[in-house]
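Below is one structure; the comments refer to it alone.
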Amino acid sequence: MTSEKELKEIANKIRIGVIEAVYNGKSGHPGGSLSIADILAVLYFNEMNIYPQDPKAENRDRFVLSKGHCSPALYSALALRGFFNYDELLKFRNIESNLQGHPDMNKVPGVDMTTGSLGQGLSAANGMAIAGKLDNKDYRVYAILGDGEIEEGQIWEAAMTSNKYKLDNLCVIVDNNNLQIDGTIEEVMSSYPIDEKFRSFGFEVININGNEISEILEAFDKAKKTKGKPTAIIARTIKGKGVSFMENQVGWHGKAPNEEQYKIAMKELGY
Amino acid sequence: MNINYEVKKATRQSYGEALKELGEKYNDIVVLDADLSSATKTELFAKEFPNRFFDIGIAEQDMMGTAAGLATCNKIPYVSTFAVFAAGRAYDQIRNSICYPKLNVKICATHCGVTVGEDGATHQMLEDISLMRTLPNMTVVSVSDDTQAKWAVQEIYNINGPVYLRLARLATPIIYDANDKFEIGKGIQIGDGTDATVIATGVTVAEAIKAKEKLQSEGKNIRVIDMHTIKPIDKDIIIKAAKETKHIITVEDHSIIGGLGSSVCEVLSENYPKIVHRMGIKDTFGKSGKAEELLKYFKIDSNAICEKITKLV
């Protein structure tokens, strides 16, 4: 168990890594990476059974970042957890780096599924969860989806599969930061009510503030105790969380800060 | 080679039978289907191994993604639906969730080409070879008869990476003996005629052999190449044929754009430039009708091959 205080600090470090990666890479997606930093801190430093020295261990818990463009947050968490050298983050999106714009399971230790084309991660997570059931393994599978991403029809095909096979070893987290590239979720193509949708697809649904460590901890605990059906945690978050000028700003979905902005961001994050 | 043209079997049926056998041999095989198990014949596996069979419903994109996830956990998924829904509808899932991460998923797509028959254009996949062979990491196999199909179902298990296996609905003659040997990436040369070479794949192989036999009685010596592996393509056998025979003809139940004909053109243009006559579906959609009628209508049957060669030789 990692204390709440420590997890908060780790979430902050993940955010610092996000800014470092996107600034040095001069490209990437800071907004949605910052919104999931707290969730990743809890997953990688408390919740998941993972082995940085043996990243492919068969009994490990699996994680799928279905919203693959938020790779800076995943890479940052993996680096901090010891899967690879932290300095790699500074080479994010560089032609000589393994840290691709979107996660590549064959290039980066700790990445369990290659993602990037939105809407596909939940299907893969289902496959992992089904394999776990077939092999009588007790590992769990986690998948983070975006609230814009769930506009993809495949997500709902996959949700039916999660339900059909009673995947109680699967926990879906929807990063509900309410923004996508062209505007708010309501403006572009409302996926609301997200909780009712997942509930009607047979999921146990938990609504939380996804930037609040204690609520995330509690939700994962509840998910683990849920039997006979999958869980969906609808995590209300703030896009760009932690960097004042990025918070709730659609413009920070996919652009890198300039030097001045980088300095302000790092200062705000207490670096 | 003595073919009894009356004894016929569809390669989808051979697939179903071979898959069931393979399931007994290997515990890591899982099978996924999208509500077409009675047509793709995965039902034979499903009946025997219900715990390892997953009917994902009418959701091909999810099926491909689920297979990808299973493959990350060392399962070897054989995934089936009609070719149009596999290679077409789920193209992006095959590209990004299977081929890019090089996952060990075997996409066994039935009902390829116009020989689907009565269902018509929406269900007659004419672009799958084209779409699938352009994907990095993908192996593309297109079998011509029962013996070859059964070999392929077993053989692709040993390939570490994604495979597209093209299977047909139409029952076609059994060409090979049970003891005949095949190798991925090696075409099969039938006869050593030098007047013309007919390179065929899938259901058109039997048509080509029939044409060869007919032309023989007219004193024309034809060689047939059964190109069961489209990718990696057997360059040597194509170049050899181009050097040794006067004419090169390709024939496929697929668009002439991007398929076998294009593959042969690519090999020859870079190695031994020669005119290639492509027989196949000529930049049009299919239509309803009986499979045999459609082979004739689209001029990819033995008569059309004979006509073509008679004009050339």
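Laid out as a table, the results:
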quantity: Which listed residue, of B:T122, B:T81, B:T115, is touching a residue at least 60 places away in the same chain (Cβ under 8 Å) and either under 18 Å from the mean Cα position of the chain (by Cα) or surrounded by fewer than 24 Cβ atoms within 10 Å (Cβ to Cβ) (or both); calculated: B:T115
quantity: Condition check for B:K47: of a type in the set (D, E, K, R), out of contact with any strand residue (DSSP E or B) (no Cβ under 7 Å at 6 or more places or on another chain) and over 19 Å from B:Y164 (Cβ atoms); calculated: yes
quantity: Residue check, B:Q61 touching a Gly at 6+ places or on another chain (Cβ under 6 Å), assigned to a helix (DSSP H, G or I), polar (S, T, N, Q) and not assigned by TED's automatic domain parsing to the domain that holds B:L260; calculated: no
quantity: Any hit, the range A:153-171, residues being under 18 Å from the mean Cα position of the chain (by Cα) and either within 11 Å of A:F63 (Cα to Cα) or without any contact (Cβ under 8 Å) to a residue 12 or more places away in the chain (or both); calculated: yes
quantity: Selected residue (only one of B:T134, B:T201 is surrounded by fewer than 23 Cβ atoms within 10 Å (Cβ to Cβ) and under 25 Å from B:T40 (Cβ atoms)); calculated: B:T134
quantity: When residues of the range A:95-144 are limited to those that are under 12 Å from B:P101 (Cβ atoms) and acidic (D, E), the one surrounded by the most Cβ atoms within 10 Å (Cβ to Cβ); calculated: A:D112
quantity: So B:K220, is it assigned to a loop (DSSP other than H, G, I, E, B) and among the basic types (K, R); calculated: yes
quantity: Helices (runs of 4 or more DSSP H) lying entirely in the range B:1-51 (those with 1 or more residues that are within 30 Å of B:E213 (Cβ to Cβ) and in contact (Cβ under 8 Å) with a residue 12 or more places away in the chain); calculated: B:11-25
quantity: Subset of the range B:148-158 that is free of Cβ contacts under 8 Å to residues at least 60 places away in the same chain and surrounded by fewer than 21 Cβ atoms within 10 Å (Cβ to Cβ) - its residue that is farthest from B:H111 (Cα to Cα); calculated: B:N158
quantity: Residue count for the range B:70-107, restricted to those that are at the interface with another protein chain (Cβ under 7 Å from one of its Cβ atoms) and outside any helix (DSSP H, G or I); calculated: 5
quantity: Residue list for the range A:123-154, restricted to those being touching an Asp or Glu at 6+ places or on another chain (Cβ under 7 Å), within 13 Å of another protein chain (Cβ to nearest Cβ) and over 20 Å from A:M48 (Cβ atoms); calculated: A:S123, A:Q154
quantity: In the range B:219-233, the residues that are within 18 Å of the chain's Cα centre (by Cα) and surrounded by fewer than 24 Cβ atoms within 10 Å (Cβ to Cβ); calculated: B:T229, B:K231, B:P232, B:I233
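Yes/no matrix, rows are residues, columns are (1) part of a helix (DSSP H, G or I); (2) modelled with pLDDT under 95; (3) closer than 28 Å to B:L70 by Cβ; (4) within 14 Å of chain B (Cβ to nearest Cβ):
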residue: A:E9; (1), (2), (3), (4): yes, no, no, no
residue: A:N12; (1), (2), (3), (4): yes, no, no, no
residue: A:V22; (1), (2), (3), (4): yes, no, no, no
residue: A:L34; (1), (2), (3), (4): yes, no, no, no
residue: A:D54; (1), (2), (3), (4): no, no, yes, no
residue: A:L74; (1), (2), (3), (4): yes, no, yes, no
residue: A:S97; (1), (2), (3), (4): no, no, no, no
residue: A:P103; (1), (2), (3), (4): no, no, yes, yes
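The values are calculated or read from the model by the stated rules, or taken from the named source; none is laboratory data. What you see is a predicted model; the values in this text were computed from it and never measured. Reconstructed Cβ throughout: ideal geometry from the backbone, glycine too, with neighbour counts over all protein chains shown.
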